[in-house]
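Only one structure is covered here, and it is reproduced in the block below.
The values are calculated or read from the model by the stated rules, or taken from the named source; none is laboratory data. A quick note: this is a predicted structure, and the numbers were derived from the prediction, not measured. With ideal geometry, Cβ positions are generated from the backbone for all residues, glycine too; neighbour counts draw on all protein chains shown.
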Amino acid sequence: MLWIIALATVVAAYGLGSLPFAVIVSRLMSLADPRTFGSNNPGATNVLRSGNKLAAALTLIGDLLKGSAAVWLAQWVSHSFELNTLVVAASAIAAFLGHVFPFTLGFKGGKGVATAIGILIAIQPALALACALTWLLVAYATRYSSLSAIIAAILAPAYYFLGAGSLWPMDKNLALCVGVLSLLLLWRHQANISRLLLGTESRIGQKTK
């Protein structure tokens, strides 16, 4: 019975992650589908390329909240049914994969940066803050959203281990979760890494021609 509850929680987390806020917000605000311009990526950074900052902000908030909501749901289930944190870790990864491979968009989603931050907010707010500040500092210095995400992803596992035991209890399931999320984010940014090396990567706020 408990494994059914755990599985249902993971599936629900994937469903939450599959909510395409970039497309939803763009349609509600009568904007172009973000999959048709710029990087063709249904995420907040690409919505910003439309020139509508409010739409980008709403997309960012939605993507953050769905990641957090998936983990909060898993934490509640874990506490209520006395399950270990494996269900939380699995649900976090499922929510991220929901954003990256959403059934609502034919399994073609975004990079998952905002959703990953939302997941970290629910896992450990201090860890999420460290990653978010890293993103902001790199973005301010370089104006590259992708480079900011790559560096934050690389440092996230290090931040977790540095804080474990002092800022939060060490949990091997959650540590593994953070490591997997980091690898998935780097994998999703392969094309961006190539463009950065070639000097052809677009910068934050740059509108599509």
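From the list A22, A94, A70, A90, the lone residue that is small (G, A, S), touching a Leu at 6+ places or on another chain (Cβ under 6 Å) and part of a helix (DSSP H, G or I) is A70. Take the residues in the range 37-80 that are farther than 25 Å from T9 by Cα and among the β-branched types (V, I, T), then tell me which one is surrounded by the most Cβ atoms within 10 Å (Cβ to Cβ). The qualifying residue surrounded by the most Cβ atoms within 10 Å (Cβ to Cβ) is V47. Checking the structure you have, find out if any residue of the range 81-93 is crowded, with 20+ Cβ neighbours inside 10 Å and either within 12 Å of the chain's Cα centre (by Cα) or among the basic types (K, R) (or both). Yes, there is a match, as at least one residue in the range 81-93 is crowded, with 20+ Cβ neighbours inside 10 Å and either within 12 Å of the chain's Cα centre (by Cα) or among the basic types (K, R) (or both). Looking across the range 97-110, just one residue is modelled with pLDDT of 95 or more, assigned to a loop (DSSP other than H, G, I, E, B) and crowded, with 24+ Cβ neighbours inside 10 Å, and that is G109.
Residues of the range 163-201 that are more than 16 Å from S39 (Cα to Cα), of a type in the set (S, T, Y) and modelled with pLDDT of 95 or more: S182 alone.
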